[in-house]
Amino acid sequence: MKIRLATFNLFQFTKPPYSWYTKKERFTEKQWLIKTSWIKKQILKMNADIIGFQEVFSRDALKTLVNELGYNYFETVDVPKVSKTNPLIYMSTTVAIASKYPISNMQEVKVHIPSIKKHKYEGFFKFSRIPIKATITLPNEEDFLVYVCHLKSNRLNEFEYVFNEKDTLEHKKELINKALKDKYSEALKTRLCEASSLFFDIKKSKKPCVLMTDLNDKEFSITIDALSNNKYHDEKRRESFILHDSYFQIENKVYNPHPEQKEAKRVPTSYFAGKGNVLDYIFLSKEFNKKNKKNIASVSSFEVFDEAIKTNHDGSLLSSDHAQVLCELTFH
């Protein structure tokens, strides 16, 4: 049995006559037709069984779209807020999940209060977008948990450290703790609280888990440690992980736009100021880890669908400003 999973940032999925954030930001009927036609083509091309969506304003329109393509199960856990002065203007986005297999249960991801205190978050904390936690029943009658989330973005372009593979957790924490103490990375503080809450929710789960996300943070970021690394949360623990990046579960084709640099490059899923970044991920629990001898499935394919941003790095509102990420699991 094979299960295909995908994460898809829809980039302002707002059916006219609604707008996003300001009145002028809206699609014409013709533009909306172009955008939804492109989304349908991408979904058919990916041929995923389960899709996690980000930047969903128009829930009902997305439900209709995916139902037409054979996804009979669709859920959201939040509704976008509208402007107090104009009910046709959306002010917040949501995430959604579409599945070809039954969604048997939806649960709340609880905020982990000790983590909020540990990160010295001031005021009332809530997820910037409420995550989805869905139990899906597979054809083999096994259940597994699928999380869909969209973590806090650095919309104000605050300073944030960029790390690489060689940076240790200790080094990252030393720099980040200073940044949080000096209050010059407030978006990161929120993101770390969100990632930590997800970590503790997943850690206590008895079922295999998949997390599909627009992380709004880069490869090797400390957000990934907060989401997956036991040692991030407990200094006494050795480095061990409750989630694994599906990209590293398979031998990947090397993307290298500058061969003379000799190092392998991961395909970007988003661009900012012309620079490619990996922001979109599918993380897997130990039950899908290739190094676990007792795993129930392993990654047999990993793909990035980046046509929309390859030539136009800013993306287009008529398509997306993110690549779509797909991972295929083959069950033993």
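Pop out the ³J(HN,Hα) list for region 115-130 in order, Karplus 6.51 cos²θ - 1.76 cosθ + 1.60 with θ = phi - 60°, rounded to Hz; leave Gly and Pro as x.
Per-residue couplings from phi come out as 5, 5, 5, 4, 8, 6, 6, 9, x, 7, 9, 8, 4, 5, 9, 4 Hz.
Order by neighbour count: His233, His150, His322, fewest other Cβ atoms within 10 Å first, most last.
So the residues, fewest neighbours to most, are His233, His322, His150.
Antiparallel DSSP bridges in region 2-331: what percent, to the nearest 5?
Percent antiparallel among DSSP bridges in region 2-331 is about 75.
Mind listing the long-range amide H neighbours of Phe272? Cut-off is under 5 Å, sequence gap 5 or more, other chains count too, H placed in the peptide plane at 1.01 Å from N.
Under 5 Å from the amide H of Phe272: Asn277.
Run the numbers for His313 and Glu186: contour at 0.36 nm per residue of separation, minus the present Cα-Cα distance, in nm.
43.0 nm
Ranking Trp32, Trp20 by Cβ neighbours within 10 Å, fewest first, what do you get?
The order, fewest Cβ neighbours first, is Trp32, Trp20.
Report the GluC sites (Glu not before Pro) located in region 18-114 that are in a DSSP loop and have at most 13 other Cβ atoms inside 10 Å of their Cβ, or state none.
The qualifying sites are Glu108.
Test of understanding: what is the full-extension gain from Lys120 to Asn230, defined as 0.36 nm times their sequence separation minus their Cα-Cα distance?
Separation in residues times 0.36 nm, less the Cα-Cα distance, equals 37.6 nm.
Looking at this model, which pairs from Lys117/Lys181; Lys117/Lys173; Lys166/Lys293 are more than 21 angstrom apart at the alpha-carbon?
Exceeds cut-off: Lys166/Lys293.
Counting other Cβ atoms within 10 Å of each Cβ, which GluC sites (Glu not before Pro) in region 111-144 have at most 11 and sit in a DSSP loop?
Loop-located and lightly packed - Glu122, Glu141.
Report, in listed order, any pair from Lys2/Lys63; Lys23/Lys189; Lys110/Lys286; Lys118/Lys178 with a Cα-Cα distance greater than 19 Å.
Pairs exceeding the cut-off: Lys2/Lys63; Lys23/Lys189; Lys110/Lys286.
Which Rg and Dmax, in Å, describe the Cα atoms of the chain?
Final numbers for Rg and Dmax: 19.3, 58 Å.
Going by how many other beta carbons lie within 10 Å of each one, how would you line up Phe248, Phe74, fewest first?
By the 10 Å Cβ count, ascending: Phe248, Phe74.
Would you please give the FRET efficiency between Ser240 and Ile296, computed as 1/(1 + (r/R0)^6) with r the Cβ-Cβ distance and R0 = 30 Å, to the nearest 0.05?
Efficiency computed from Cβ-Cβ geometry: 0.95.
In terms of modelled amide H atoms, which long-range or inter-chain residues lie less than 5 Å from the amide H of Asp49?
Amide H neighbours of Asp49, under 5 Å, 5+ apart: Arg4, Leu5.
Quick one: length gained pulling Thr64 to Asp143 fully straight, 0.36 nm per residue minus the C-alpha distance?
Gain in length upon complete extension: 25.9 nm.
Please tell me the relative contact order of the chain in percent, rounded to the nearest whole number, where contacts are Cα pairs under 8 Å and at least six residues apart.
Value for the chain: 18 percent.
At a threshold of 8 angstrom on Cα-Cα distance, excluding pairs fewer than six apart, so keeping six or more, what relative contact order does region 1-128 reach in percent?
Taking the mean separation of contacting Cα pairs over the length of region 1-128, I get 26 percent.
Non-local amide H neighbours of Val77 (under 5 Å, H modeled in plane, Pro and chain starts lacking H): which ones?
Val95
Give the residue list of chymotrypsin sites (Phe, Trp or Tyr not before Pro) in region 123-190 that are DSSP loop and have at most 10 other beta-carbon atoms within 10 angstrom.
Of the chymotrypsin sites (Phe, Trp or Tyr not before Pro), the ones in loops of region 123-190 whose Cβ has at most 10 other Cβ atoms within 10 Å are Phe124, Phe159.
Treat each spin label as a single point 7 Å out from the Cα along the C-beta direction, and report the Glu174 to Arg155 distance in nm.
Taking the two extended label points, one gets 3.5 nm.
Between region 1-73 and region 116-136, what is the separation of their alpha carbon centroids in Å?
Between the Cα centre of region 1-73 and that of region 116-136, the gap is 25 Å.
With springs only between Cα atoms under 10 Å apart, run a GNM on the chain and tell me which of Val299, Val56, Val82 wobbles the most.
So, out of Val299, Val56, Val82, the one fluctuating most is Val82.
Please say if region 121-270 is rounded, prolate or oblate, where rounded means a/c under 1.5 for a ≥ b ≥ c the square roots of the C-alpha gyration tensor eigenvalues, and otherwise the choice is prolate for a/b larger than b/c and oblate otherwise?
Oblate, since a/c reaches 1.5 and b/c is not below a/b.
Bear in mind these aren't lab numbers, they're just calculated from the coordinates by the rules spelled out. These numbers come from a predicted model, not from an experiment. Here Cβ is always computed from backbone atoms with ideal geometry, including for glycine, and neighbour counts include all displayed protein chains.
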